[in-house]
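Notes for the one structure printed next.
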Amino acid sequence: MGYQLAGFRSLGCLEIDKKMVEAYQKNLNPVHCYHEPIAEFNQRPDLPDELYSLDVLDGSPPCTVFSYAAALKGGRETQWQKKRKFHEGNAEQILDDLFFDFIKTVQKLKPKLVVAENVPGLTKGSARGYVKHIFQKLKAADYKVQMFLLDAAMMGVPQRRQRVFFIARRKDLNLPAFKLDFNQKLISFAEATKDLPPDNVENATERQKDLYDRISQGRGFKDIFGGNSFFNNTRIRPDNPIPTMTAHRDLYHPEIKRLLNTAELIRCQTFPDDYDFLKRHSWYFLGMSVPPKMMEGVAKELRAVLC
C-alpha cells in the first residue's frame with residue numbers, strides 16, 4: 001500500500017499465509033500472485049520475464065524470533081534454528097533462515113533495489129551476527145547495502161514504531177547512496193482520530209474493564225491471570241502517538257474503559273479507512289504490517305533515486 005501511495009505498481013506478491021494473500025489480492029490486485037513457501041518459489045523455472053526486471057524487490061521476513069519482547073523474556077536465542085509451527089502460514093518453518101531464503105530470491109531476480117524490513121531487536125545482542133551475515137550475503141550477490149533505524153512517528157504515522165530497513169542497490173547500476181532523514185511533526189492519537197464518529201465504540205468485556213482499571217492504577221496482573229504479565233497492555237495518552245501496535249489487541253483508550261476499536265487502530269496504522277480485511281481480525285493484519293505511510297516515505301526516496 002505504501003509503494004502504491006508513492007506511485008509504484010504492485011507487480012507481484014509471494015506469501016505463505018493464505019489470509020494475507022487474499023487480502024493483498026483484494027486490495028492491491030497484483031499482476032502475479034504466489035501462495036507458497038519462498039524456498040519453493042526460488043525453485044520455480046516458470047517465472048514471467050517481467051519479474052526479472054523489477055525496480056524494487058521488497059521482502060520482510062517474519063521477525064518473531066528476533067523481537068525485543070522475546071529478548072526481555074529471556075527466550076529469544078533459544079528459539080533460533082528450531083523448526084516450529086508458527087502462526088505465519090500455519091506451517092513448520094525455521095524463521096531465522098527466511099532472510100537468507102529471501103536473499104536467494106534477490107540472486108534469482110536481480111532487481112535494481114532490494115528492501116527488507118525487520119524489528120530493532122535484530123540489531124541487539126547475539127542477533128547482530130545475523131546482521132553481519134545479511135550484509136555479507138547481499139554484498140556477495142553484488143549489491144551495496146545500507147541499514148537504517150527508522151521511527152514511524154517521524155514519518156507521519158501516529159504511532160511510535162521503530163523498524164530496521166535494509167536497502168541494497170545493484171552495484172553495476174552505480175546508483176547513489178540513500179540518505180534517509182525523516183523529521184515530520186508528531187501526530188497524536190487525538191488528532192488522528194478526531195473525525196471518527198463518537199458512537200464508534202466496541203463494548204469491552206468485564207476482563208478488559210478489569211485490566212483497564214489495573215493499568216490506570218498501576219497494579220499488576222499475575223494474581224488474576226495465571227502468571228501472564230500482560231506487559232504490552234497500555235492505556236494510551238491522547239496527546240501522543242500511540243505505542244507500537246502488535247498483532248494482539250492490547251492498547252486501551254485514554255478516556256473510555258475499552259480497547260482501541262477497529263477504526264482507531266486502522267487510523268493509527270495509516271491504512272485507508274475502507275481497506276477490506278475480508279471480515280477477519282483487522283488488528284492481526286495491522287500489527288503484522290509496516291504502516292503504509294511509513295513505507296510511502298521510504299518508497300518516495302527509492303523512486304527519486306531510480307528516476
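Scanning the range 122-147 for residues that are in a strand (DSSP E or B) and open to solvent by 30 Å² or more (accessible area, probe 1.4 Å), we see that the one that is nearest to residue 54 (Cα to Cα) is 144. Consider the range 1-45 and keep the residues that are of a type in the set (Val, Ile, Thr) and buried (at least 16 other Cβ atoms within 10 Å of the Cβ). The one that is farthest from residue 61 (Cα to Cα) is 21. Would you be able to say whether some residue in the range 123-140 is modelled with pLDDT of 80 or more, basic (Lys, Arg), closer than 19 Å to residue 286 by Cβ and within 26 Å of the chain's Cα centre (by Cα)? No, the conditions are met nowhere in the range 123-140. Beta carbons closer than 6 Å, at least 6 apart along the sequence or on distinct chains, pair a first residue in the range 100-121 that is within 14 Å of residue 51 (Cβ to Cβ) and at pLDDT 95 or above with a second that is basic (Lys, Arg) and in a strand (DSSP E or B) for 112/170. Restricting attention to the range 247-283, the residues being of a type in the set (Val, Ile, Thr) and free of Cβ contacts under 8 Å to residues at least 60 places away in the same chain number 2. Scanning the range 135-172 for residues that are out of contact with any helix residue (DSSP H, G or I) (no Cβ under 8 Å at 6 or more places or on another chain) and either closer than 30 Å to residue 264 by Cα or among the aromatic types (Phe, Trp, Tyr) (or both) returns 135, 148, 151, 153, 154.
Within the range 181-237, restricting attention to residues that are among the small types (Gly, Ala, Ser), in a helix (DSSP H, G or I) and modelled with pLDDT of 90 or more, the residue that is most open to solvent (accessible area, probe 1.4 Å) is 190. Looking across the range 7-23, the residues that are assigned to a loop (DSSP other than H, G, I, E, B), touching an Asp or Glu at 6+ places or on another chain (Cβ under 9 Å) and not aliphatic (A, V, I, L, M) come down to 8, 17. Of the residues 169, 163, the single one that is touching a Leu at 6+ places or on another chain (Cβ under 7 Å), closer than 17 Å to residue 242 by Cβ, surrounded by 15 or more Cβ atoms within 10 Å (Cβ to Cβ) and of a type in the set (D, E, K, R) is 163.
Just give me the residues in the range 24-63 being touching a Pro at 6+ places or on another chain (Cβ under 8 Å), in a loop (DSSP other than H, G, I, E, B) and in contact (Cβ under 8 Å) with a residue 60 or more places away in the chain, in sequence order. Residue satisfying the conditions is 55 alone. Scanning the range 268-307 for residues that are part of a loop (DSSP other than H, G, I, E, B) and closer than 30 Å to residue 174 by Cβ, we see that the one that is farthest from the chain's Cα centre (by Cα) is 307. Only residues that are open to solvent by less than 40 Å² (accessible area, probe 1.4 Å) and under 19 Å from residue 29 (Cα atoms) were counted in the range 266-281, giving 3.
The values are calculated or read from the model by the stated rules, or taken from the named source; none is laboratory data. In this text the structure is predicted, and so the values were computed from the model without any measurement. Glycine gets a Cβ as well: all are built from the backbone with ideal geometry, and neighbour counts include every protein chain shown. In case anyone asks, the SASA skips ligands and DNA or RNA and just uses the protein heavy atoms, side chains included. Shrake-Rupley method; radii C 1.70, N 1.55, O 1.52, S 1.80 Å.
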